[in-house]
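What follows is a single structure, written as structure tokens, with notes after it.
Rule-based calculations on the coordinates, nothing more; no lab input. In this text, all values refer to a predicted model and were calculated from it rather than measured experimentally. So basically every Cβ, Gly included, is an ideal-geometry build from the backbone, and we count neighbours across all protein chains shown.
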Amino acid sequence: MDKKFLMLIFLGIFLIGIVSSVEVSYCCEKTKTATDGSGGAWCIETAKENCATGQNGITGALFRKAPTSCSSTSYCKLGTCINGQEGTCFPNVPQIRCQDDGGYWVNKPKDEVPQCKLGCCLIGNQAAFVTQTRCKTLSSLKGLETIFKNNVQSELQCIALAFPSEKGACVYEEDYERKCKSMTKEECQEAELNQNYLDVEFHVGYLCSAPKLGTNCGPSKKTTCVENEDEVYFLDTCGNLANIYDSLKIDNVEYWTYIKDKDESCNPNDDNTNSKTCGNCDTFLSSTCMNYERGKKPNYGDFICGSLDCKNSDFTTKYNRDPKHGEQWCVTNGNGGGKVIVGGVEGITFLPGTEQFKLSCFDGEITVDNSGPWRSQICVQGETNEIKTAAFKTNRWQGPEGCAFQDNKEDCENEDKRDCEWVGGPRGFSILKNEKGESLAKGKDGDKIDASCVPKYPPAFNFWETGTDAGTENKAIGECSKASTTCIMKYEKKIGGKTKCVENCGCDDLSWGKDMNKICTALGDCGSSVNYIGKQGYHNGEALKYE
């Protein structure tokens, strides 16, 4: 046999073998990785036996397969998958896979889907080139308000918008002159768009008077006050704000080049009140920028750190200084009577006609706040860092849980529920008693004692109204009568005409009367006392009546 013939026979056999080994590739809607068809991947081109069988849980139909490429099928056609909650878009995703991930599939390229249009999301000082939906999601996660700029075309432009509140020098060309304004980065960028400035440059942390910027602005000796700011500021020759006024830095090049923080300025821990050299004022230390007074002119400019403190002769007499800005304290209109201690601090007097007031010093002016009527509120004074503080608190003495219904010291003086105090005596008396007039007060062991639970801060009553309309029944009579009592002393007459007390002895003792009067006055405008102007009440000093 010819060698050529043998070679052709061999080649033919080889070609037949190759053709018979080629298998047809299928587009599987889903591949299988387990015998039950579960698991696997979506839209894969592989051998027919690798395709999943059974029902598709998403469509409800049987899993599909076709002897062609996946791009040629309807069920594996590529499109854009949108995650509506996250606001993210993914291109070239099969519809079935998108649905399996809980997304919304669109038969369009990503660039043609409106929901996928990117813009610049500004959150605080940060910037992200994302969709508007994604921007809202980020804002909710951070708890901050956002600004979405859909006119930003690239991520680089968006990043340039980060830290929009940074301050610096906005330099631009106008009328063939290099000019400058002190502003934030955001303001400078808006000026570039809206004002049509040419060759706009933003220099973070620089002042317009910086020599290296080459602008028409320079140092000056002028100063100014700024709304909502405490400090006195230098102005440059263009009228821009410079740094905090420091007369020692008038010729300092660095001080007129870079923006300095308050802590980097003169005397940052002082109030600098009436300082001729430093304008680093601080309202927390009772000073702020204002026009200088006669005789207090600063070395440069017309403004100085003026005092926010107040003038009050009573406060000065009591504390040997003027009230500070932001300071509050308690006063009363009474000019006599005992004083109470509230929280370890001397408080206010409680006499008929007495009212409490809270005085506040703010911006050099004193304002007055009244407490609630009938001493329903009490002014409580304290101190923080040697500064007086004051506030009104509710006087919790009445009601079903009030003082008069407490029969023991622990419940009476429970400060979480009421404002009361436990008072012992006088002998044979308690405002809490049974029908027979016997005391219901209890000691630690539960035994009956002579004691009463009375208001810690005696209330006031509208004693001149005697009507019985709803809610207007004379409260003074009702409350004061709780401390009214009769003490009958019994005597035995002895041979010779002498008498001897045998029951309730001591009711005629002056101390018994004083103890009863303490109970009366503790209940409110009751008993024997003077009023807030020192005038004696009805009893004219006599709390006892003898018959």
Per the helix-only calculation at 222 nm, which mean residue ellipticity applies to the chain, given -39500 (n - 2.57) for every DSSP H run of n ≥ 4 and division by its residues, nearest 500 deg cm²/dmol?
-4500 deg cm²/dmol
Compare the peptides 260-270, 297-307 by average per-residue count of other Cβ atoms within 10 angstrom and give them in order, highest first.
297-307, 260-270
Footprinting exposure proxy for K498, K181 (fewest neighbouring C-beta atoms within 10 Å first):
K498, K181
Of the listed pairs K436/K490; K179/K276; K444/K490; K442/K482; K448/K535; K417/K444, those with alpha carbons more than 27 Å apart are K179/K276; K444/K490; K448/K535
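Based on other C-beta atoms within 10 Å, arrange L241, L198, L118 from fewest to most.
L198, L241, L118
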Whichever aspartates and glutamates have a C-alpha closer than 17 Å to that of K493, once near sequence neighbours (fewer than 8 apart) are set aside:
E503
In whole Å, largest first, what are the principal axis extents of the Cα atoms in the stretch 121-219?
46, 23, 18
Hey, fewest Cβ within 10 Å first, where do Y491, Y176 land in order?
Y176, Y491
Give the lysines whose C-alpha is closer than 19 Å to that of K260, dropping any in the same chain fewer than 8 places away, or say none.
K167, K181, K185, K212, K221, K222, K249
Length-normalised contact order of the stretch 177-309, Cα under 8 Å, at least 6 apart, in percent, tallies to 21
Could you pull the Rg and Dmax for the stretch 167-307, using just the Cα atoms, both in Å?
15.9, 49
What percent of all Cα-Cα pairs in the chain falls into each 20 Å bin, going from 0 up to the bin containing the maximum distance?
14, 22, 20, 22, 14, 5, 2, 0, 0
DSSP loop trypsin sites (Lys or Arg not before Pro) in the stretch 289-327 with at most 14 other Cβ atoms within 10 Å of their Cβ, which ones?
R294, K296, K311, R321
Taking alpha-carbon centroids only, the stretch 258-328 lies from the stretch 60-119 a number of Å equal to 67
